[in-house]
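What follows is one structure encoded as structure tokens, with my remarks underneath.
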Amino acid sequence: MALNPEQQAAVDAPFGSNLVIASAGTGKTSTIVARIERLLTEGIDPREILLLTFTNKAAAEMVGRLERRFGKLAIEAGTFHAVSYRWLKEIDPTLTLKEPKELKLLFKTVYGRRDFKRAGFEGDPYQAGTLFDLYNLYQNSQPAISFGEWVGERSREQREFREVYDDIVQEFEELKGEYGYLSFNDLLLKAIDYRESIRPFREVLVDEYQDTNNLQARFLESLSTESLFCVGDYDQSIYAFNGANIAIIASFTQRYRNGRVLNLSKNYRSTRPILDLADRVISHNERIFPKRLEVMRREEGVPPKLLAFPDLYAQYEGIARMVASSPTPKDRIAIIFRNNSSADGIETALRERGIGCKRRGGISFFDLAEIKAFFDLLALTLNPKDMIAFIHIMEFAKGIGAHIGKELYEGAVLCGEGDLVKGLLDPLERNPFVKRERNVQLALFDDFVQMGSKGNFHGVVGDSFLSSPLLLHPKLSQEGALFLEELASLFRRLRPIRRTEKYVQILLESGIYRHIVEKLASKRAKLKDGSIDPRLREEALKRIEGRKGLIRELASHYGGIHSFYNAMVLGSSEMAQGEGVHLLTVHGSKGLEFDEVYIIDLMEGRFPNTKLARREGGSIEEERRLFYVAVTRARDILYLSYARYDPVRKEEFRPSRFLREAGLIS
């Protein structure tokens, strides 16, 4: 591939610590691919190359370009989390990755055992969800103090709860360890712990280096490698809300001895008027490394245009009219906004005119309730220590919530001497539902649970399951008992199965999955008066049957059931839904380019989002970088839009300061 002198200099940089400042549209992907081509032509084993990217899609595209020249390659490539997960599964196959919303459920069961008022605390503690989110940010930030102390430093009002917060996360981590759960942060933390078991690399290449957080920086430093090749742009650092630390790229030459900094400044994407506007605004931020974009396109270009509307609805309708009359192909147009709340209005206006559009982050196949239920069943049968999957399944049974589901799981494990399957199929005769524990200082209270009666389930479950001590739970519903019996039957049927397709087929045809599907179909066919429409129910069942067929098709491509599950759990969430005009948050637009771009809702308070800018981790400088990223998505045509009034909230708006910095308003 033809490279310019700056790109070639980066490709030819000697082994060591190299940072390439790759401004927007300067061909960073081509440079990374060419760098790896150089390594391969010099005889370096592909297995000694590690490529870390911001998305798995980006990694696949780069490796695909390399394989078109070299054939199949064994390069380790993917996101920080994806490669860590692959390594950890090789070290310990029982580990299970859980999404944040699933771990939040587990966190809430731990938090729920605390009664702050009863323990005599005077203030108001954070709610479980807020505390969980803070814990994730704490892990990414990697401070040298405990979680409780860190929370206390952020908020004086929360200091009295420091010991309780530390106790909550300690119990949470112990439960995760007991069940083999990993959070996304744990993937990196455990990879750091297991660094001696991870093979060395000749070179590690890092894309989007400006968005690394402290934990990812520690992960990089833990790797054994002769050379580090980082590519990033400090003007595009926009993930502070997720712990990204711009100081990491800024301090590269201090972090790495003899570190070199190279520049890519030749922009091949945008016209001069668009880049001049971007440069005028971003120059208000401190220049960490000196740079200035050089325009490589020679045509004069259309100056960016400011659009001013009397109110929000007039803005959305006006832009929809412009999009409708634009000669630009609809899939080459993007409407970009700072906040998701802007999307509904513009989407409605577009669809009213019959203009197709797609929003990044719609409901994906893997977010559908029936698909999530299937993968919960699969996860539990592959790893019976997966308590969260058990709870999710049992929650489909009438009268079973997360708390009862957790007690049933713990009861089964107790009756199985640590083994859920034994607790379901061949349990010890004991009452597993008696417990009493108190620690007032830590606000911890467990009360005595009284014994239920097995006689409530005659005629509901088979005679052989009537002896199960799990039926002694006093709040177990009849449907809950039936689910337990069907789950036991499923474990029994799957014991001898090894073929992926057969395994999947048994899961899809199991009594418990049929029950779940029927409940979902009935729910989707329920009318306002509470009755079930038979026609709607039948349509819902047909749609679910089609999705079951897709699961079978997906499974047919995998030789082992574990490899199928591992691939699915890291399935892409990087897809947009629908066709036509792209509706994107600034974060969602990162790495993309379009012929025609509209940046909307450019009002103070909305863009910049002054509320987020005032929070810890936020800043006007980051808001300005977000604006820069949005502007530099445009190749040929750029519109910047604002409204003066919100008719719903009766709120007057002032134009964004970025419009003034761009020279579009005085």
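The values are calculated or read from the model by the stated rules, or taken from the named source; none is laboratory data. None of these values were measured; they are calculated from a predicted model. All Cβ positions, glycine included, derive from the backbone under ideal geometry; neighbour counts span all protein chains shown. These accessible areas exclude ligands, DNA and RNA; they are computed on the full protein's heavy atoms, side chains included. Shrake-Rupley method; radii C 1.70, N 1.55, O 1.52, S 1.80 Å.
Looking across region 508-520 at every residue that is closer than 14 Å to Glu485 by Cβ and open to solvent by 10 Å² or more (accessible area, probe 1.4 Å), the one that is farthest from the chain's Cα centre (by Cα) is identified as Gly511. The requirement of being of a type outside the set (Val, Ile, Thr), farther than 17 Å from Leu602 by Cα and in a loop (DSSP other than H, G, I, E, B) is fulfilled nowhere in region 304-324; no residue meets it.
Of everything in region 327-354, what is polar (S, T, N, Q) and in contact with an Asp or Glu (Cβ under 6 Å, 6 or more places away or on another chain)? Give them in sequence order. Write out each step before concluding.
The first filter runs over region 327-354 and keeps only residues polar (S, T, N, Q), leaving 328, 339-342, 348.
Answer for region 327-354, where residues must be polar (S, T, N, Q) and in contact with an Asp or Glu (Cβ under 6 Å, 6 or more places away or on another chain): Thr328, Ser342.
As a summary of the residue check, Val20 satisfies the conditions (1) among the hydrophobic types (A, V, I, L, M, F, W, C); (2) open to solvent by less than 10 Å² (accessible area, probe 1.4 Å); (3) assigned to a helix (DSSP H, G or I); (4) under 23 Å from Leu264 (Cα atoms) except for the one numbered (3).
Results for (1) surrounded by fewer than 17 Cβ atoms within 10 Å (Cβ to Cβ); (2) within 20 Å of Phe627 (Cα to Cα), shown as yes or no for each residue.
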| site | (1), (2) |
| --- | --- |
| Ala308 | no, yes |
| Ala314 | yes, no |
| Ile319 | no, yes |
| Ser325 | yes, no |
| Ile333 | no, yes |
| Asn340 | yes, yes |
| Gly345 | no, no |
| Leu350 | no, no |
| Lys358 | no, no |
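Of all residues in region 169-197, those that are of a type in the set (A, V, I, L, M) have Cβ atoms under 6 Å from Cβ atoms of residues that are open to solvent by 10 Å² or more (accessible area, probe 1.4 Å) and assigned to a loop (DSSP other than H, G, I, E, B), 6 or more apart or on another chain, in Leu182/Leu95. On the basis of being in contact with a Gly (Cβ under 6 Å, 6 or more places away or on another chain), in contact (Cβ under 8 Å) with a residue 12 or more places away in the chain and at negative phi, does Gly345 make the cut? It is false that Gly345 is in contact with a Gly (Cβ under 6 Å, 6 or more places away or on another chain), in contact (Cβ under 8 Å) with a residue 12 or more places away in the chain and at negative phi. With respect to (1) closer than 25 Å to Glu196 by Cα; (2) surrounded by fewer than 17 Cβ atoms within 10 Å (Cβ to Cβ), the lone exception for Glu76 is condition (2).
Among the residues of region 532-541, is there at least one that is at pLDDT 90 or above, assigned to a loop (DSSP other than H, G, I, E, B), open to solvent by less than 70 Å² (accessible area, probe 1.4 Å) and of a type outside the set (D, E, K, R)? Within region 532-541, not a single residue is at pLDDT 90 or above, assigned to a loop (DSSP other than H, G, I, E, B), open to solvent by less than 70 Å² (accessible area, probe 1.4 Å) and of a type outside the set (D, E, K, R). Taken over region 453-472, the criterion of being at pLDDT below 85 and either surrounded by 18 or more Cβ atoms within 10 Å (Cβ to Cβ) or among the aromatic types (Phe, Trp, Tyr) (or both) is satisfied by Lys454 alone.
Residue-wise test of (1) free of Cβ contacts under 8 Å to residues at least 40 places away in the same chain; (2) open to solvent by 50 Å² or more (accessible area, probe 1.4 Å).
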position	(1), (2)
Leu482	no, no
Ala488	no, no
Ser522	yes, no
Lys528	yes, yes
Gly549	yes, no
